[in-house]
């Protein structure tokens, strides 16, 4: 099954070339064989039930990021404080996938509370990149990415806030698709930054991403940010062979600073491929993007501090064993014992920017800049159809390489934060491989990011599918896991 996408596996089941049980056992065997090396899974489901093979997902196994609630299944947010938490509900998107007869093979790891990007802040285990195990798999959803890249599952459910999934996908050579904010319900997905969190999946192909999007997107009356109606993708887009209709914008700001020369070379070669497919490429400026990182690191703390306030043991596990005489001591003990240093640091920062003394100076001003960033994109899309740039300025670095340099890690987000702040749909496709800039010169994946105007999700799927047809870079897999 190594060369088969999720869509192809489902077709084989429905044509009776294989059975759901054979598919489940195949992936369970691979998890048992390779996950001790990759360390993607926190919990594994070994049980299997026969269901209708004519259903949309035909009981094919999918892994779930450890912040999606599944009824009575451990959902820990990769933290110590929630290590015994078993939710009483399914997240809405989990229920939709189960209704389509997905087989959940259970939970993949993440950074504690989805914070940081070095695979070192999970309270459970450190995950490795299937391409080079000495390197990070990228972003707080990297465990989902690693599980698909090593072909432990054909697809994985993740959530994206600013780069949580885009960078892991690019560093592990798989497809991610982030729909417009409001398309998918966030109900019972443990939140980090509520006004940006977006549930979606990691897959091998663009077509697989569409299949899961068709199932998941829908109005949810339980979710305040859900919009009416369902986004139906025109099936004719899969027949398109060229990009003659397309005007592409290449923002010059993303090729001037931070970017590694080898990554830049690979991305520009991908742009030449788009030109061969008859796309018209223009260079336009996004002047407000230089403020995106600063804006993000002010707005994000405010919402996360609110979301983490509920993790206090009064409502969720675990409590400190230290004695206390006041409620203040009770909270201090619980949070210092059970929150890792990164979570504590960010809570302090977030409380600071929301304080009465600094609200106007920081939070209010950042909200105004976010509006200017959205206007920047609207102006750009009045001239072009889609925007393309790299997912990351670098290929995957070594696990401990930048852990002591927070500034470099923050700047690493510069290529993904702007689209998230503007709620844009985006997708990435493999742009080939590039050597690392360190002295090891290891060959690692590089991906091209494609963005469209808000609520025009079909456009990014269409462009990505044409590019994928004419390259097939996604078929390359880590040799160790073939």
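Does region 42-61 contain any residue that is outside any loop (DSSP other than H, G, I, E, B) and surrounded by 16 or more Cβ atoms within 10 Å (Cβ to Cβ)?
Our first condition is that a residue be outside any loop (DSSP other than H, G, I, E, B); within region 42-61, this holds for 61.
When the remaining residues are screened for being surrounded by 16 or more Cβ atoms within 10 Å (Cβ to Cβ), the result is 61.
Yes.
Quick one: would you say residue 236 is more than 30 Å from residue 211 (Cβ to Cβ), modelled with pLDDT of 85 or more and in a helix (DSSP H, G or I)? Spelling it out, it is not the case that residue 236 is more than 30 Å from residue 211 (Cβ to Cβ), modelled with pLDDT of 85 or more and in a helix (DSSP H, G or I). Here are some conditions: (1) part of a helix (DSSP H, G or I); (2) surrounded by fewer than 16 Cβ atoms within 10 Å (Cβ to Cβ). Residue 16 meets all but one. Which one does it not meet? Exception for residue 16: condition (1).
Among the residues making up region 262-283, those that are assigned to a loop (DSSP other than H, G, I, E, B) and surrounded by fewer than 14 Cβ atoms within 10 Å (Cβ to Cβ) are 278, 283. For region 19-40, the set of residues classified as crowded, with 16+ Cβ neighbours inside 10 Å and assigned to a loop (DSSP other than H, G, I, E, B) consists of 39, 40, listed by residue number. Checking every residue in region 301-319 against the condition of being closer than 30 Å to residue 447 by Cα, without any contact (Cβ under 8 Å) to a residue 60 or more places away in the chain and surrounded by 13 or more Cβ atoms within 10 Å (Cβ to Cβ) gives at least one match.
Residue 206 falls short of the stated requirement of being out of contact with any helix residue (DSSP H, G or I) (no Cβ under 9 Å at 6 or more places or on another chain), closer than 27 Å to residue 418 by Cβ and surrounded by 18 or more Cβ atoms within 10 Å (Cβ to Cβ).
For residues that are part of a strand (DSSP E or B) and at pLDDT below 80, scanning just region 149-207, find the one that is farthest from residue 1 (Cα to Cα). So that I can check it myself, show each step before the final result.
Going residue by residue through region 149-207, those that are part of a strand (DSSP E or B) are 155-160, 175-178, 189, 198-203.
Applying the additional criterion that residues be at pLDDT below 80 yields 158-160, 200.
On the way: 158: 23, 159: 26, 160: 28, 200: 23 Å.
Checked region 149-207; the qualifying residue farthest from residue 1 (Cα to Cα) is 160.
Each residue in region 88-99 was checked for being in contact with a helix residue (DSSP H, G or I) (Cβ under 9 Å, 6 or more places away or on another chain) and within 27 Å of residue 38 (Cβ to Cβ), and 3 pass.
Each row is one residue, and each column tells you yes or no for (1) crowded, with 19+ Cβ neighbours inside 10 Å; (2) under 23 Å from residue 395 (Cβ atoms); (3) touching a residue at least 40 places away in the same chain (Cβ under 8 Å).
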{"site": "425", "(1), (2), (3)": "yes, no, yes"}
{"site": "430", "(1), (2), (3)": "yes, yes, yes"}
{"site": "467", "(1), (2), (3)": "yes, yes, yes"}
{"site": "479", "(1), (2), (3)": "no, yes, no"}
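Considering the conditions (1) over 24 Å from the mean Cα position of the chain (by Cα); (2) at pLDDT 80 or above; (3) not in a helix (DSSP H, G or I), residue 259 is excluded by exactly one of them, (1).
The values are calculated or read from the model by the stated rules, or taken from the named source; none is laboratory data. None of these values were measured; they are calculated from a predicted model. As a convention, Cβ positions derive from the backbone with ideal geometry for all residues, glycine included, and neighbour counts pool all protein chains shown.
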